[in-house]
Amino acid sequence: MRSPLDNPFTPGSDTVPVVWAGRISQLTEWSAVVRPRLHAGMPERGRTILGEPGLGKSTLVRRIAEKAAADGDWVTPQVRLPAGADPLKAVAAAILRLSDQAGLAAAREQRITGILERVRQVAASGISLTIDRATGPEPYSVLTELLIEVGVAARRAGRVVLVHIDEIQNVSDENALSQLLISLGDAITAKMPVELPGGIVDQRALPIAVYLTGLPEFAEKASSRSGATFARRFATNTLEPISDEDLLFALSPFIDPGWESSDETGGISTIRMTPEAAEMIVSVSCGEPFLFQLAGERAWYAGTGDVITLDEVVSGWEAARHEATAHVERILDRLPPKEQEFVTRMAEMDPKHRTLTGIARAMGYDNATNAGPFAQRLDTVRGIISRGRKYTFRHRALEAYLTTGWPELESGTSTLRAEQGPQPA
């Protein structure tokens, strides 16, 4: 029997969902590239994971963090930065927790004691300490010093340090953002001497991994503040929707052998899903992790039996479609007016005629170059469209919203209107 307490789908909660779909390349990069290189003392850039709301940026890094913690690495909690907050205070508090893991609080060196005390002041007062130079170095530099000390301790203990800062786009103070990025960048590029066999001393990179997650426009903000320095120290990955094949694979345990769930007597029951139900969940999700979790959650609640049917998915999605609509409308509303007009005009056109020239003319421009900057940002910064001889949508939920009846289903059927192809706008 299905119970709300056993629902394995968790939309929008910033927790790692039990039913995980896709992002294999990013997960593999951590386990096969980033962590092994840091363990070996090789330099490795930080990672910036960006994307529109609902693409699972935070949950992706939290899954990486869970894996790291399970392997014994030292991991910060998810450092979420509210709009207008002082980022140095939040990061200082997280690094202090890492220093506790590293055992630095018990260190007898006066230098480390001084660093810890200064970072405690940063955690209390943040960037405002900058005006009081007499009490010590700049807040960002002392954060770097402490993170380096944590990295040195991690190297000696055979661990890797993972720092996750979320909602990084909320740092509105240009000075604070610059200081934060420089502090983190200096720490991940720092080295320590290591004595090798034969008395040879080599310089090895510290095992510090930094993951920044946020909305796509952060990349432009960071580049304008730190320029080439940021690009050298952080590799940016803009997430795209997950493929239907990966979503179906995530649901395959429900089809065979079935999803284990506790029953009312304290035993274990098996919840299954018909193939048609799984295909419908994938269809309405349009590759969006949030929509996938939302459709699965509502389908689970739509019945109590041990088989999730197509009708239950349809019934559950009917209850969820207003939330799904609001989700996509928020993404559209986030776009600046000209970018919003670009995707709207593009959606109105037959896919065969979606060229830059055609879209520019639909926007009222005589020259295609006038629309070029909007197309470039929608492609390289936001990941919403793909440029080429013909322009296409990468953000499939936004495309479905603009070109079809999504998220509504055909009345009296179990067929998505989106499956009928583009509709006149």
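The values are calculated or read from the model by the stated rules, or taken from the named source; none is laboratory data. Predicted model, so just to flag it, every value in this text is computed and none were measured. With ideal geometry, Cβ positions are generated from the backbone for all residues, glycine too; neighbour counts draw on all protein chains shown. Side chains are part of the model used for accessible areas, which takes the heavy atoms of the whole protein and leaves out ligands, DNA and RNA. Shrake-Rupley method; radii C 1.70, N 1.55, O 1.52, S 1.80 Å.
For the condition at pLDDT 95 or above and within 27 Å of VAL282 (Cβ to Cβ), THR355 does not qualify. Scanning the range 155-205 for residues that are among the acidic types (Asp, Glu) and either in a strand (DSSP E or B) or over 22 Å from GLU138 (Cβ atoms) (or both) yields a total of 4. Taking the listed residues ALA92, ALA102, the one that is touching a helix residue (DSSP H, G or I) at 6+ places or on another chain (Cβ under 7 Å), of a type in the set (Gly, Ala, Ser) and open to solvent by less than 20 Å² (accessible area, probe 1.4 Å) is ALA92, with no other qualifying. Just name the residue that is surrounded by the most Cβ atoms within 10 Å (Cβ to Cβ) out of those in the range 314-356 that are of a type in the set (Ser, Thr, Tyr) and in contact with a Phe, Trp or Tyr (Cβ under 9 Å, 6 or more places away or on another chain). Per the criteria, the residue is THR355. Residues being free of Cβ contacts under 8 Å to residues at least 24 places away in the same chain, out of contact with any Gly (no Cβ under 7 Å at 6 or more places or on another chain) and of a type outside the set (Ser, Thr, Tyr): count how many of those fall in the range 301-320. Of the residues in that region, 2 qualify. May I ask you to verify whether ALA222 is within 29 Å of ALA90 (Cα to Cα), open to solvent by less than 40 Å² (accessible area, probe 1.4 Å) and not acidic (Asp, Glu)? So ALA222 fits the description; yes.
Annotation note: of ALA176, ALA190, ALA231, ALA250, the sole residue that is within 19 Å of the chain's Cα centre (by Cα) and open to solvent by less than 50 Å² (accessible area, probe 1.4 Å) is ALA250. Within the range 321-334, the residues that satisfy the criterion of being free of Cβ contacts under 8 Å to residues at least 40 places away in the same chain and not charged (D, E, K, R) are HIS322, ALA326. Say we look at the range 357-400 and pick out the residues that are open to solvent by 20 Å² or more (accessible area, probe 1.4 Å) and among the basic types (Lys, Arg); which of these is nearest to LEU247 (Cα to Cα)? The extreme case among them is ARG396. Could you pull out the residue among THR213, THR144 that is part of a helix (DSSP H, G or I) and in contact with an Asp or Glu (Cβ under 8 Å, 6 or more places away or on another chain)? From the options THR213, THR144, the qualifying one is THR144.
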